[in-house]
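Visitor: First the structure, then my questions, so here it is.
Derivation of every value follows stated rules applied to the coordinates shown; laboratory data play no part. This is a predicted model, so every value here is computed, not measured. Positions of Cβ are backbone-derived with ideal geometry, glycine not excepted, and every protein chain shown enters the neighbour counts.
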Amino acid sequence: MKTALSGIRVLDFGRYIAGPYCAALLGDMGAEVIRIEKRDGSEDRALVPVIHDAEGNPGEGALFLQMNRNKKGMTLDPAHPRGREIVRKLIRTADVVVVNLPPQTLVSLGLDWDSVHAINPRTVLTTVSAFGSGGPYAERLGFDGVAQAMSGAVYMSGTPEQPVRAAASWVDFGTASLAAFGTMTALYARNATGLGQHVEGALLRTAVTYMSQTLIEQDVLAKNRVATLNRGQTAGPSDIFRCTDGWITILINGNPLFRRWARMVGEEAWIEDPRFASDEARGDNGEVLSARAAAWCRTRSVAEALDALARAKVPAGPVLSPQQLLDDPHVNAAGFFAPVSFPGLADGARIMATPVVLSETPGRITQAPPVLGQHTEELLAELGIRGEEAESLRRDGVI
């Protein structure tokens with residue numbers, strides 16, 4: 001099968017999610033991706049462990065399995081002088097270098113833009129940091145939850161008394177996706193210029209972008225909104241409601257959807273009611289709409305409510321537990337998951353497949369995540385480092 005990125009080599013110095021998942025997406029599309037880890041493994045290798053040894057010690061985790069499919073694994077200390085030379089040799093072979101570390105750390109490891117560009121002018125350097133360069137927070141460390149909190153997203157979730165962070169790492173995954181988009185664009189531009197460029201992603205920049213409608217409204221109108229749990233504030237009804245055997249969400253935007261919902265619940269008079277004449281008005285009067293929707297749901301099962309909403313062509317869905325999602329017939333029929341094998345997992349694991357589908361050059365998961373240092377000798381041999389020279393690197397703590 002054809003692949004979009006066949007012949008592209010990616011060096012992945014990433015950690016946790018944003019860098020590694022960017023590289024994983026490129027690998028899904030056919031790039032050769034080399035994951036470069038510390039000699040004892042990166043911190044993210046054992047996050048949310050799903051494998052334990054005979055003594056109960058944690059091994060590889062769920063995030064590692066998801067982030068590192070379709071990659072070769074190499075151990076290397078890039079801070080060691082001999083390790084720095086290997087990094088330079090690898091960069092000379094690379095089309096893309098992905099790394100998510102603070103700017104000064106990049107400089108100290110020789111992975112900053114000036115260093116990479118001097119070694120190989122055709123290489124695209126994709127970096128991800130918490131806050132991006134150019135501001136007073138450039139050197140600060142930060143994770144997904146920090147960006148969520150600073151963007152206004154946490155403030156606008158939960159209640160004024162209890163802000164709530166999302167369980168999903170949407171900032172990390174969003175930044176990884178945008179970084180992959182930027183990397184692909186830079187590779188496309190290289191076809192014309194012959195030169196790589198620096199692609200910079202930042203967690204806070206992603207989070208601010210995803211919160212843009214609230215931030216723009218605040219900038220223009222100074223609404224000073226506060227959190228209202230799950231009830232939407234700019235349209236309605238938009239909320240989560242209890243049925244007799246579970247929960248569902250109903251999300252309505254636009255007059256046609258509102259009219260269909262009002263007729264379905266027997267409130268046709270509300271179609272001409274000025275309180276509900278627009279999305280803005282319905283958001284302002286959302287408590288009334290949520291109360292009516294809650295009363296309608298309270299007497300119905302999840303299946304009954306969703307069936308009625310589907311017949312009325314009103315957007316709605318069930319609130320699923322993780323296990324219910326894993327068992328969902330649509331998710332399984334549509335191929336949302338892909339199986340991978342890994343030592344210690346007798347039945348393997350299902351990881352999320354490439355989340356965007358291409359008709360002619362689709363992303364594929366063809367290679368299990370690497371065990372620690374699985375391909376180190378193979379990759380060194382490609383650089384002409386074999387035998388005693390390779391063994392001396394191991395003795396010196398370079399690999």
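Visitor: Within the set of other residues whose C-beta is less than 15 Å from the C-beta of Met1, count the net charge using Lys and Arg as +1 and Asp and Glu as -1.
Guide: Values: positive: Lys2, Arg364; negative: Asp28, Glu360.
Overall, the nearby charge balance is 0.
Visitor: If you don't mind, another one. Return the long-range amide H neighbours of Gly201 (sequence gap of 5 or more, or a different chain), with a cut-off of under 5 Å between placed amide H atoms.
Guide: Thr127, Val128, Ser129
Visitor: Looking at region 1-142, send over the antiparallel percent of its DSSP beta bridges, to the nearest 5. Walk me through the numbers before you get to the answer.
Guide: Working: 2 of 18 bridges.
Around 10 percent antiparallel, to the nearest 5.
Visitor: Looking only at the chain, where both bridge partners belong to it, what percent of the DSSP beta bridges are antiparallel (to the nearest 5)?
Guide: Counting DSSP beta bridges with both partners in the chain, the antiparallel share is about 45 percent.
Visitor: Straight-line reach from Lys38: which lysines have a Cα under 28 Å away, not including same-chain ones fewer than 8 places off?
Guide: Lys71, Lys72, Lys89
Visitor: Something else about it: Any idea which of Gly158, Gly134, Pro103 is furthest toward the positive side of the dipole for region 84-179, if Lys and Arg beta-carbons carry +1 and Asp and Glu beta-carbons -1?
Guide: Pro103
Visitor: Just to confirm a number: summing +1 for Lys and Arg and -1 for Asp and Glu over residues other than Gly61 whose beta-carbon lies under 12 angstrom from that of Gly61, what do you get? Don't jump to the answer; show the numbers that get you there.
Guide: Values: positive: Arg45; negative: Glu43, Asp44, Glu60.
Counting the neighbours of Gly61, the net charge comes to -2.
Visitor: Could you give the distance between the Cα centres of region 257-335 and region 44-61, to the whole Å?
Guide: Cα centroid to Cα centroid, the span is 42 Å.
Visitor: Can you put Val48, Val226, Val340 in order, fewest other beta carbons within 10 Å first?
Guide: On the way: Val48 13, Val226 10, Val340 20.
Sorted ascending by nearby Cβ count, the order is Val226, Val48, Val340.
Visitor: Which GluC sites (Glu not before Pro) in region 153-246 pass both tests, a DSSP loop state and at most 14 other beta-carbon atoms within 10 Å? Present the calculation step by step, with values, prior to reporting the outcome.
Guide: On the way: sites: Glu161, Glu200, Glu217; in loops: Glu161.
Counting only loop positions with at most 14 other Cβ atoms within 10 Å, the GluC sites (Glu not before Pro) in region 153-246 are Glu161.
Visitor: Then there is this: For region 238-324, take N as its residue count and report Rg(C-alpha) divided by 2.2 N^0.38 Å.
Guide: Numbers: Rg = 12.7 Å, N = 87, 2.2 N^0.38 = 12.0 Å.
Taking N as the residue count of region 238-324, the ratio is 1.06.
Visitor: At q = 0.16, 0.22 Å⁻¹, what log₁₀ I(q)/I(0) does a Debye calculation on the Cα points of region 108-171 give, no solvent, two decimals?
Guide: Results for region 108-171 at q = 0.16, 0.22 Å⁻¹ read -0.68, -0.93.
Visitor: Counting other beta carbons within 10 Å of each Cβ, put Asp172, Asp279, Asp239 in order, fewest first. Don't jump to the answer; show the numbers that get you there.
Guide: Details: Asp172 27, Asp279 19, Asp239 23.
Ascending number of Cβ neighbours within 10 Å: Asp279, Asp239, Asp172.
Visitor: Next up: State the dimensionless ratio Rg/Rh of region 1-102 (Rg: radius of gyration of Cα atoms; Rh: Kirkwood radius).
Guide: On the way: Rg = 14.3 Å, Rh = 14.2 Å.
Using Cα coordinates only, the ratio equals 1.01.
Visitor: Just to be sure I follow: if Rg is taken over the C-alpha atoms of the chain and Rh is the Kirkwood radius over the same atoms, what is Rg/Rh? Intermediate results must be reported in sequence, preceding the final value.
Guide: Working: Rg = 24.9 Å, Rh = 23.9 Å.
Taking Rg over the Kirkwood Rh, I get 1.04.
Visitor: If each residue's Cβ is checked for other Cβ atoms within 10 Å, how do Met264, Met29, Met67 rank with the fewest at the top? Please report the intermediate quantities before stating the final value.
Guide: Working: Met264 16, Met29 22, Met67 29.
Fewest-to-most ranking of Met264, Met29, Met67: Met264, Met29, Met67.
Visitor: Just how large is the dipole of region 238-324 about the Cα centre, in debye to the nearest 20, putting +1 at every Lys and Arg Cβ and -1 at every Asp and Glu Cβ? Write down the numbers at each step before the final one.
Guide: Details: 11 positive and 12 negative charges, 54 e Å.
Its charge dipole is roughly 260 debye.
Visitor: Moving on. Treat every Asp and Glu Cβ in the chain as -1 and every Lys and Arg Cβ as +1, leave all other atoms uncharged, and give the resulting dipole magnitude about the Cα centre to the nearest 20 debye.
Guide: Values: 39 positive and 45 negative charges, 116 e Å.
For the chain, the charge dipole is close to 560 debye.
Visitor: While we're on this one: With only Lys, Arg, Asp and Glu charged, each at its Cβ (+1 for the first two, -1 for the last two), find how big the charge dipole of region 7-48 is about the Cα centre; round to the nearest 20 debye.
Guide: Charge dipole of region 7-48: 100 debye, to the nearest 20.
Visitor: Could you go through region 42-55 in sequence order and give the Karplus-derived ³J(HN,Hα) for each residue, using 6.51 cos²θ - 1.76 cosθ + 1.60 with θ = phi - 60°, rounded to whole Hz, and x for Gly and Pro?
Guide: 6, 4, 7, 5, 10, 6, 6, x, 10, 10, 9, 7, 4, 8
Visitor: Between helix 212-221 and the chain, what is the angle of the helix's C-alpha long axis to the longest principal axis, kept within 0 to 90° and rounded to the nearest 10?
Guide: For helix 212-221, the angle is close to 60 degrees.
Visitor: Using only the alpha-carbon atoms, how far is helix 286-298 inclined from the longest principal axis of the chain? Give it as 0 to 90 degrees, nearest 10.
Guide: 90
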